There are 2 protein chains.
Amino acid sequence: MAEGSTTRIAAWVEGLKLGDLSQSTREAAVKSFINYVGCTLGGISHEATEKALAAHGALQSSSGPCSLLGSLRGLDPLQAALVHALACHIHDYDDTHLSTVIHPTAAVASALLAYAEAAFDHPSALSGADFIVALTAGIEIECLLGVAVYPSHYDRGWHITASVGSIGAALAVGKAMKLSKEHLVNAIGIASTQVNGMRIHFGSHSKPLGVGLAARAGLESAYLAQAGMTAAPNSLEGPRGWIECVCPDPQSAYEKLPRFVEALYSGKGIDGDGKTETEKNTFKPYPCGIVIHPIIDGCSQLRNEGVKAEEVQSIELTVHPLVLELTGKKNPVDGLQAKFSVYFGAASGLLFGKATPAEYSDEIVQQTAELRSKISATIDKSMRRDECKILVQTKSGTHQKHVEHAVGSLAKPMSDDQFRQKFVDQVEPQIGLDSTERLYSSLGKILEADNVMDVVYAANIK
Amino acid sequence: MAEGSTTRIAAWVEGLKLGDLSQSTREAAVKSFINYVGCTLGGISHEATEKALAAHGALQSSSGPCSLLGSLRGLDPLQAALVHALACHIHDYDDTHLSTVIHPTAAVASALLAYAEAAFDHPSALSGADFIVALTAGIEIECLLGVAVYPSHYDRGWHITASVGSIGAALAVGKAMKLSKEHLVNAIGIASTQVNGMRIHFGSHSKPLGVGLAARAGLESAYLAQAGMTAAPNSLEGPRGWIECVCPDPQSAYEKLPRFVEALYSGKGIDGDGKTETEKNTFKPYPCGIVIHPIIDGCSQLRNEGVKAEEVQSIELTVHPLVLELTGKKNPVDGLQAKFSVYFGAASGLLFGKATPAEYSDEIVQQTAELRSKISATIDKSMRRDECKILVQTKSGTHQKHVEHAVGSLAKPMSDDQFRQKFVDQVEPQIGLDSTERLYSSLGKILEADNVMDVVYAANIK
C-alpha cells in the first residue's frame, strides 16, 4: 500500500534541512518570527492575556523554565505556549496567509519558543537555524492543510488559524526534537484529534484563546509522541479521521491533500509557482481583520486629500463579499468588537488618517458612532479581497477612491521602515526603546545564533 | 429576544440543588462515581497513563496540590484531570450512556475531582453533596448535548465521549465554583470551542487521551471563565458555533436542543419518561466496547453448558449493525485492539468463560487466533444493541444461544455483588484489599461527607 498523506507529511518534515529552503523562504520565515515577537509583546499586557495568566496562576505553579516575553516570570512550557499565542493574536495584528486567512506564526512559533526555552541549557538546545527550519516546517504544513480544507472548513464555522495551527505547532516542535517519522505520525494524530476555534467567538476573548490552545496542543502533542503515545497512522486522511470530522466537503480535501503533499516534495508549490507558503505570508499595517485594510487605506488617503469628517453626509463602501461576512459589525461597543467592523475602520481612517492599536480603544470606538451611522456598504463579487471603492458625499461635493491593493498585501507589502516601525510601536511600551532596538537587531541575525534563546532573551533585559 | 439554549442551560446548572434530584438519580450519580474511581485506579498503571505522566513530567513541575489516585504524587489540577480521565477510559471499562454510547463520568468526574482537591483546605472546599450535585449537572448536560447531536456527529467520526465531555466537565466545575449564569455561559463557550476525540484513533492511546484532554479542557474553561475570559453568548446554537461545526446535520440538532433543554426544566426528561440521563447510566461487566457484551455473555453461557473450544468447527454470530462498525477488527494484534474485536470477545467467552482485563493481555489475544479464524459475523438490523444470536457447529452437533439482554444493560444491570467485585478487581492490585474495602465503603457514604476529599483520600492510604 502506498504511504498515506499523514506519513508523507511526517517524512517530509523529518527530512527538511536549512539547505532545502531558498533565500527568499528563509527571509520570509525570519520576518514572520520578528513580526511574531512584536505582536506578542504588543499583546502581552492585554486584559485577555492577564486573565489567562490569572486563571493559570490558580491552576499551575509558577516555577517553570519559561519566561513571559518581556519579563522573567517562570512559566511552564504549556502555559508559555498558550499565553504567547493568545497575546500574539489578541490585537488581530499578526501575520496573514492570504488565501486561507490563516495567521500562521502565532501557534507555531509559540509552541516552538516554549520548547526552545525549556531546552535552553540542555545538550538539545536549538540553534537559530534549527529554529527557523522547524518554524518553516510547521508553517508550511499548517498552510498546506488549511488550503486543503478551505473554504468549506472555514465557511462552516471553524477558526482556521487555531484549527490547523495545532498540527503545524506539533510538527515544528517534533522537528526541533528530531522525532522520527513514526513519532511525527503520532504527533500529527494527537494534535489533529484536538480541534479548536470557532468563528462565533470572534469579538470575544475566546478568539485569541483558541490560538493559544492550538499552540499548547501542538507543543504537548510532540511531547506525548516523544514519550511513546500512539495514534492512528492515517489520522488526517483515514475514515472517520480529521478531514471527515472538520470538513463538510471531505471529497474536495481528499483530492487536494495528496496533490499538495507531492508539491512539497517536488518543490513546485501548492499553487504551482515554485513558492513556499511561508513566502506568501503577509504583515498587517492595521490591527484588525485584513479585509478592512483597503478601506482604512482609502479613507486615510481621502483625509490626506482634504476630505473633512465633520462635513461628511454619507459614505458608500463597495467591497469583497468576505468583508461584510467577517467584519460587518455595524455598532461595535468596544475596541475588540471594532476589529470586526469595516464601518469603524472607515471612520478611523477618515477621522485620524490611521488605525493603530491606539485607535482601537473603547473610548475612541464610541466617539466614532455618529460618523459610522452615515456609512453603508455594498458587496461586489468582482472585487479582490485587498481592493475596494469608496464614495464620500460632503457638503462641498463627491469624492471617490479606488484602492487596488491594500498596504500589507502581497502586491504592496509594508516597506522595511513600516515593518520596523510596527515592531517598535508594539515593543517599546513594554521594554523601552534601547531594548527594543537591541531585540530587533538581534532577531535579524537569528540564523547565525548558536542558541536561539540568546536572541530572544534580548527582550527580557528591561 | 428569548434566551437561547446556551443561556438556558447555564441558568439550569446555576439553579440546580440536591433537593431537585430524586433518590434514584442521587443513587445513580453515587454509583457512577464509585465505578469511576474503580476504573481510574484500574487504569492508573497502564502504559498509556505512564507515558502521559512522563510527557507531563518533562513539561510541568510536580509540585501541584493534586494526588494521583492511589498515591501521593503532587500533580497540578490540569495534569490530574487529564491523567485520571485517560486512566478511567483506557480499559474501555467505564460506564455507558447507552443511547449515545457516551462514557459520561470519566471527563466530568476527573475535572471535578481535580477542582475539589485544589480546594481541599480552602473555605470553598466541596461537600460530598455539592460534589454529587455538580457531577450530576455535568453528566446531564453532557448527555443532553450528546443526544442532540447524535447520530450524525458520531457517524461522521467524532468520539462523542470526548467531544461533549469537555462541556459537561466545564459545567460541573463551574457549578462547584458557584459561578453565575453569565460566567457559566462563558465556560460553555470556552469548553465548546475545543472539540476533541476522533474515532479513527480507536485502538490507539489517543482514544483515552481524548477523554483526558476533554477533562482538562472542562476544568480549565471554568477557571478561565471565573477569571473573566469571555466567549460568545450563544456558542452552542448560534451561527458558526458548536452545532454547526460538529454536526453534519445541524437542523436536527437545532430542533432537538431547545426541546431537550425545556425537558430539563419541566422534569419530563429527554425521552419523556421523567428520568434523568444520569439514571440511564450503565456499568460494564467487561472491559471492551459495550456492543460486544451480549456475545461474551452468550459464548460464556455456551461454555458453561459444555461446548468445548477445541471441538468448534465454526461459529456464526448475528448482531446489531453497530457491532461490526465499532468492533469489527478480525485480527487484533494486541490487547488494545482486541477491545474492538467482537471475534476476540466470542473466543474469550468460549475459551475462558469471561473477558476481564486479565484476558485482554497481548499474549492471550494471540492465543485466540486459531479459534477466531473460525468465527463469522452477520448483521441483523432488527436486533437490539444488547441482543445477539450465536450458532456454534462442533463435531458433536449444533449449539444455539439467543441473548436477549446483555448483563450490564439497563434491562439486566449488574447485581450489587458484581458491581462491588468489579471495583475490587480493579482497585485491590493498586492499594491492597484493606484500603480497597475502606474506600468502597467510604465512597458509598459520599453524600454525608463534609469534605468530599476525605472520602477519596481513603484511596491514598497504602
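Out of A:G269, A:G210, report the one residue that is in contact with a Ser or Thr (Cβ under 7 Å, 6 or more places away or on another chain), surrounded by fewer than 20 Cβ atoms within 10 Å (Cβ to Cβ) and within 28 Å of A:A85 (Cα to Cα).
Values: A:G210 fails: surrounded by fewer than 20 Cβ atoms within 10 Å (Cβ to Cβ).
Step by step, each of A:G269, A:G210 is checked, and only A:G269 is in contact with a Ser or Thr (Cβ under 7 Å, 6 or more places away or on another chain), surrounded by fewer than 20 Cβ atoms within 10 Å (Cβ to Cβ) and within 28 Å of A:A85 (Cα to Cα).
Scan B:A58, B:A11 and give me the residue that is among the hydrophobic types (A, V, I, L, M, F, W, C), surrounded by fewer than 24 Cβ atoms within 10 Å (Cβ to Cβ), more than 14 Å from chain A (Cβ to nearest Cβ) and touching a helix residue (DSSP H, G or I) at 6+ places or on another chain (Cβ under 7 Å). First the steps, then the outcome.
Details: B:A58 fails: more than 14 Å from chain A (Cβ to nearest Cβ).
Checking each option against the conditions leaves just B:A11.
Can you name the residue in region B:438-462 that is under 16 Å from B:N35 (Cα atoms) and of a type in the set (D, E, K, R) and, of all such residues, is surrounded by the most Cβ atoms within 10 Å (Cβ to Cβ)?
B:R438
With respect to A:S435, is the statement that it is surrounded by 15 or more Cβ atoms within 10 Å (Cβ to Cβ) and among the small types (G, A, S) true? Give the steps one after another, and end with the answer.
Values: surrounded by 15 or more Cβ atoms within 10 Å (Cβ to Cβ): yes; among the small types (G, A, S): yes.
Answer is yes for this residue.
Residue-wise test of (1) within 17 Å of the chain's Cα centre (by Cα); (2) of a type outside the set (G, A, S).
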site: B:S163; (1), (2): yes, no
site: B:I167; (1), (2): yes, yes
site: B:A176; (1), (2): no, no
site: B:Y223; (1), (2): no, yes
site: B:E255; (1), (2): no, yes
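Kindly evaluate A:L69 against the criterion of being buried (at least 24 other Cβ atoms within 10 Å of the Cβ) and not in a helix (DSSP H, G or I). Spell out the reasoning first.
On the way: buried (at least 24 other Cβ atoms within 10 Å of the Cβ): yes; not in a helix (DSSP H, G or I): yes.
Judged against the criteria, A:L69 is a match.
In this structure, does B:V246 turn out to be under 21 Å from the mean Cα position of the chain (by Cα) and either more than 7 Å from every other protein chain (Cβ to nearest Cβ) or hydroxyl-bearing (S, T, Y) (or both)? Walk me through how you get there before you give the answer.
Numbers: under 21 Å from the mean Cα position of the chain (by Cα): yes; either more than 7 Å from every other protein chain (Cβ to nearest Cβ) or hydroxyl-bearing (S, T, Y) (or both): yes.
So B:V246 fits the description; yes.
Looking for whichever is more than 9 Å from chain B (Cβ to nearest Cβ) and closer than 28 Å to A:A358 by Cβ here; the options are A:L86, A:L53. Which one fits?
Values: A:L53 fails: more than 9 Å from chain B (Cβ to nearest Cβ).
A:L86 is the lone residue from the list that is more than 9 Å from chain B (Cβ to nearest Cβ) and closer than 28 Å to A:A358 by Cβ.
Quick check on my filter: what residues within region A:313-369 are hydroxyl-bearing (S, T, Y), in contact (Cβ under 8 Å) with a residue 60 or more places away in the chain and either touching a helix residue (DSSP H, G or I) at 6+ places or on another chain (Cβ under 6 Å) or more than 20 Å from A:H205 (Cα to Cα) (or both)?
Taking region A:313-369 first, the residues hydroxyl-bearing (S, T, Y) are A:314, A:318, A:327, A:341, A:343, A:348, A:356, A:360-361, A:368.
Next, only the ones that are in contact (Cβ under 8 Å) with a residue 60 or more places away in the chain stay: A:314, A:318, A:356, A:360.
A:S314, A:T318, A:Y360 - these are the residues of region A:313-369 that are hydroxyl-bearing (S, T, Y), in contact (Cβ under 8 Å) with a residue 60 or more places away in the chain and either touching a helix residue (DSSP H, G or I) at 6+ places or on another chain (Cβ under 6 Å) or more than 20 Å from A:H205 (Cα to Cα) (or both).
Would you be able to say whether some residue in region B:121-134 is modelled with pLDDT of 95 or more and within 12 Å of chain A (Cβ to nearest Cβ)?
Quick first cut of region B:121-134, residues modelled with pLDDT of 95 or more only: B:126-134.
Among the residues that remain, those that are also within 12 Å of chain A (Cβ to nearest Cβ) are: none.
No, that holds for no residue.
Please go through region A:220-233 and pick out each residue that is at the interface with chain B (Cβ under 8 Å from one of its Cβ atoms) and of a type outside the set (V, I, T).
Of all residues in region A:220-233, those at the interface with chain B (Cβ under 8 Å from one of its Cβ atoms) come to A:220, A:223-224, A:226-232.
Matches in region A:220-233: A:E220, A:Y223, A:L224, A:Q226, A:A227, A:G228, A:M229, A:A231, A:A232.
In region A:25-47, what count of residues is obtained for those that are part of a helix (DSSP H, G or I) and within 8 Å of A:A87 (Cα to Cα)?
Initially, region A:25-47 is screened for residues part of a helix (DSSP H, G or I), giving A:25-43, A:47.
If we keep only those that are within 8 Å of A:A87 (Cα to Cα) as well, we get A:39-43.
Final tally of qualifying residues: 5.
Looking for whichever is among the small types (G, A, S), away from every other protein chain (no Cβ under 14 Å), surrounded by fewer than 24 Cβ atoms within 10 Å (Cβ to Cβ) and in contact with a Phe, Trp or Tyr (Cβ under 8 Å, 6 or more places away or on another chain) here; the options are A:G289, A:G274. Which one fits? If you could, list the steps in order and put the result at the bottom.
Working: A:G274 fails: in contact with a Phe, Trp or Tyr (Cβ under 8 Å, 6 or more places away or on another chain).
Residue meeting the stated conditions: A:G289.
Check region A:26-46 and report whether any residue there is within 10 Å of chain B (Cβ to nearest Cβ) and surrounded by fewer than 22 Cβ atoms within 10 Å (Cβ to Cβ). Spell out how you get there, then give the answer.
Quick first cut of region A:26-46, residues within 10 Å of chain B (Cβ to nearest Cβ) only: none.
Within region A:26-46, none of the residues are within 10 Å of chain B (Cβ to nearest Cβ) and surrounded by fewer than 22 Cβ atoms within 10 Å (Cβ to Cβ).
Any idea which residue in region B:1-26 is farthest from B:F131 (Cα to Cα), counting only those that are β-branched (V, I, T) and under 23 Å from the mean Cα position of the chain (by Cα)?
We begin by selecting, within region B:1-26, every residue β-branched (V, I, T); these are B:6-7, B:9, B:13, B:25.
With the extra rule that they be under 23 Å from the mean Cα position of the chain (by Cα), the set shrinks to B:9, B:13, B:25.
Values: B:I9: 19, B:V13: 13, B:T25: 14 Å.
Among those that are β-branched (V, I, T) and under 23 Å from the mean Cα position of the chain (by Cα), it is B:I9.
Checking B:I375 against (1) in contact with a strand residue (DSSP E or B) (Cβ under 8 Å, 6 or more places away or on another chain); (2) over 17 Å from B:T318 (Cα atoms): exactly one of these is not met. Which one?
The one condition B:I375 does not meet is (2).
Take region A:129-175 and flag every residue that is surrounded by fewer than 24 Cβ atoms within 10 Å (Cβ to Cβ) and under 18 Å from A:E448 (Cα atoms).
A:A129, A:D130
Quick check, is A:S376 assigned by TED's automatic domain parsing to the domain that holds A:Q337 and exposed (fewer than 14 other Cβ atoms within 10 Å of the Cβ)? Lay out the reasoning, then the answer.
Details: assigned by TED's automatic domain parsing to the domain that holds A:Q337: yes; exposed (fewer than 14 other Cβ atoms within 10 Å of the Cβ): yes.
Answer is yes for this residue.
Given the conditions (1) more than 24 Å from B:L443 (Cα to Cα); (2) touching a residue at least 60 places away in the same chain (Cβ under 8 Å), which single one is not true for B:G57?
Status for B:G57: all satisfied but (2).
Only one of A:I139, A:I200, A:I188, A:I167 is in a helix (DSSP H, G or I), out of contact with any helix residue (DSSP H, G or I) (no Cβ under 7 Å at 6 or more places or on another chain), of a type in the set (V, I, T) and in the same structural domain as A:A55 (by TED's automatic domain parsing); which?
That would be A:I200, the only listed residue that is in a helix (DSSP H, G or I), out of contact with any helix residue (DSSP H, G or I) (no Cβ under 7 Å at 6 or more places or on another chain), of a type in the set (V, I, T) and in the same structural domain as A:A55 (by TED's automatic domain parsing).
Inside region A:356-373, can you point out the residues that are surrounded by 18 or more Cβ atoms within 10 Å (Cβ to Cβ) and at pLDDT below 90?
Our first condition is that a residue be surrounded by 18 or more Cβ atoms within 10 Å (Cβ to Cβ); within region A:356-373, this holds for A:357, A:359-360, A:364-365, A:368, A:371-372.
Answer for region A:356-373, where residues must be surrounded by 18 or more Cβ atoms within 10 Å (Cβ to Cβ) and at pLDDT below 90: just A:P357.
Which of the residues spanning region A:370-388 are of a type in the set (S, T, N, Q) and free of Cβ contacts under 8 Å to residues at least 24 places away in the same chain? Walk me through it before giving the result.
Initial filter on region A:370-388 (of a type in the set (S, T, N, Q)): A:373, A:376, A:378, A:382.
Once the filter is applied, which keeps residues that are of a type in the set (S, T, N, Q) and free of Cβ contacts under 8 Å to residues at least 24 places away in the same chain, region A:370-388 yields A:S373, A:S382.
Among (1) loosely packed, with under 15 Cβ neighbours inside 10 Å; (2) in the same structural domain as B:L171 (by TED's automatic domain parsing), which single condition is B:N234 missing?
(1)
Does B:G197 satisfy the criteria of being of a type outside the set (K, R), more than 7 Å from every other protein chain (Cβ to nearest Cβ) and crowded, with 24+ Cβ neighbours inside 10 Å? Steps first, answer last, please.
Values: of a type outside the set (K, R): yes; more than 7 Å from every other protein chain (Cβ to nearest Cβ): no; crowded, with 24+ Cβ neighbours inside 10 Å: yes.
The answer is no for B:G197.
Out of region B:206-250, which residues are among the basic types (K, R) and in contact with a Phe, Trp or Tyr (Cβ under 9 Å, 6 or more places away or on another chain)?
Residues of region B:206-250 among the basic types (K, R): B:207, B:216, B:240.
Passing the criteria: only B:R240.
Check region A:179-193 and report whether any residue there is of a type in the set (K, R) and away from chain B (no Cβ under 12 Å). Give the derivation first.
So in region A:179-193, the residues of a type in the set (K, R) come out as A:181.
Now drop any that are not away from chain B (no Cβ under 12 Å), which leaves A:181.
The answer is yes; a qualifying residue exists.
The values are calculated or read from the model by the stated rules, or taken from the named source; none is laboratory data. Just so it is clear, the model here is predicted, and its values are computed rather than measured. A quick note on method: Cβ atoms are made from the backbone with ideal geometry, for glycine too, and the neighbour counts reach across all protein chains shown.
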